[in-house]
């Protein structure tokens with residue numbers, strides 16, 4: 001762990017690093033920690049990104065901390081660790097697969113959270129992205145791709161978002177499982193709190209996953225989603241989901257295509273990345289089906305209606 005800033009601070013930025021340490025120099029150049037002494041920067045990584053501390057020392061300042069998570073931790077677990085360690089009244093979340101705009105920190109600091117549970121921004125794709133990168137962008141971020149208008153929304157992506165830390169800590173039962181943001185958003189909406197999209201908050205997706213890494217992650221996240229979703233239902237409902245699971249890839253593809261309307265760059269990316277998109281959709285769907293099947297085993301029925309830990313990558317959530 002590197003040096004820690006004095007407590008408290010107004011804003012903490014939690015950067016989850018999973019198979020993306022090569023993006024850190026450009027991310028830190030955009031964040032400029034030394035230029036923002038009143039902001040706390042927390043870099044959370046797994047053993048798969050061993051150079052994180054070294055790169056942080058090269059590009060950081062005294063207000064930057066590095067936390068190492070156990071092997072196998074997923075991005076929501078890294079966010080959870082950072083949120084719990086944060087000193088700021090407000091917490092921003094992102095990942096090392098996204099390069100923030102040069103004014104991102106200033107925009108976060110100036111964002112208005114009055115009456116709002118969270119503010120999210122747009123996630124564009126790197127213009128030099130390959131077919132695999134476009135497939136990842138479409139699967140995870142199509143609903144948040146520019147252009148966008150400022151408005152109240154049903155969901156925001158935690159890959160580019162700002163929250164009040166107290167609102168997150170109020171739901172420690174969810175946080176214990178990791179920061180799967182759709183579950184928190186559902187709680188916030190039930191409390192009458194709004195979510196807002198601000199297109200001035202901009203990051204650019206630059207994929208660093210290999211195909212095998214991303215497919216494995218899709219499988220794991222799909223299973224977690226399926227198990228948690230089925231766990232909220234009685235046995236007949238679980239069985240119905242299991243029987244309908246072969247249709248999941250087509251449902252997701254239809255929703256992704258709908259999200260590309262009016263976005264020419266995404267339309268082009270859909271054609272270019274179609275092959276990898278099919279692979280990753282099948283990975284998620286196989287995981288989701290496995291989750292439904294596991295829910296049918298006695299004692300594996302999930303955590304109940306309040307325990308949803310994720311959302312499909314179909315426009316309802318960021319589909320992490």
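The values are calculated or read from the model by the stated rules, or taken from the named source; none is laboratory data. Computed from a predicted model, the values in this text were never measured in an experiment. For neighbour counting, all protein chains shown are included, and Cβ atoms are generated from backbone atoms with ideal geometry for every residue, glycine included.
Summary table
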quantity: Residue tally, condition in contact (Cβ under 8 Å) with a residue 40 or more places away in the chain and either assigned to a helix (DSSP H, G or I) or not assigned by TED's automatic domain parsing to the domain that holds residue 294 (or both), over the stretch 246-267; calculated: 10
quantity: Verdict on residue 39 being farther than 19 Å from residue 207 by Cα, crowded, with 23+ Cβ neighbours inside 10 Å and touching a helix residue (DSSP H, G or I) at 6+ places or on another chain (Cβ under 7 Å); calculated: yes
quantity: Any hit, the stretch 90-108, residues being in contact with a helix residue (DSSP H, G or I) (Cβ under 9 Å, 6 or more places away or on another chain) and farther than 21 Å from residue 202 by Cα; calculated: no
quantity: Checking residue 138 against (1) touching a helix residue (DSSP H, G or I) at 6+ places or on another chain (Cβ under 8 Å); (2) crowded, with 18+ Cβ neighbours inside 10 Å; (3) more than 18 Å from residue 273 (Cβ to Cβ), the condition it does not meet; calculated: (3)
quantity: Meets criteria (buried (at least 21 other Cβ atoms within 10 Å of the Cβ), more than 19 Å from the chain's Cα centre (by Cα) and within 21 Å of residue 207 (Cβ to Cβ)) for residue 46; calculated: no
quantity: Filter pass, residue 196 being in the same structural domain as residue 49 (by TED's automatic domain parsing) and surrounded by fewer than 19 Cβ atoms within 10 Å (Cβ to Cβ); calculated: no
quantity: Odd one out for residue 200, checked against (1) part of a helix (DSSP H, G or I); (2) more than 18 Å from residue 276 (Cβ to Cβ); calculated: (1)
quantity: Search result, residues across the stretch 207-245 that are under 26 Å from residue 269 (Cα atoms) and in a helix (DSSP H, G or I); calculated: 211, 212, 213, 214, 215, 216, 217, 218, 219, 220, 221, 222
quantity: Selection count, the stretch 103-114, where residues are in a loop (DSSP other than H, G, I, E, B) and crowded, with 18+ Cβ neighbours inside 10 Å; calculated: 1
quantity: Cβ-Cβ under 6 Å pairs, at least 6 apart or on other chains, the stretch 194-205 side closer than 9 Å to residue 154 by Cα, far side surrounded by fewer than 21 Cβ atoms within 10 Å (Cβ to Cβ); calculated: 194/116; 194/152; 195/153; 196/116; 196/152
quantity: Selection count, the stretch 165-175, where residues are in contact with a helix residue (DSSP H, G or I) (Cβ under 8 Å, 6 or more places away or on another chain) and either in a loop (DSSP other than H, G, I, E, B) or surrounded by fewer than 22 Cβ atoms within 10 Å (Cβ to Cβ) (or both); calculated: 6
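Condition check ((1) more than 21 Å from residue 263 (Cβ to Cβ); (2) in the same structural domain as residue 194 (by TED's automatic domain parsing); (3) part of a loop (DSSP other than H, G, I, E, B)) across all residues:
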{"site": "118", "(1), (2), (3)": "yes, yes, no"}
{"site": "135", "(1), (2), (3)": "no, yes, no"}
{"site": "139", "(1), (2), (3)": "no, yes, no"}
{"site": "147", "(1), (2), (3)": "no, yes, yes"}
{"site": "161", "(1), (2), (3)": "no, yes, no"}
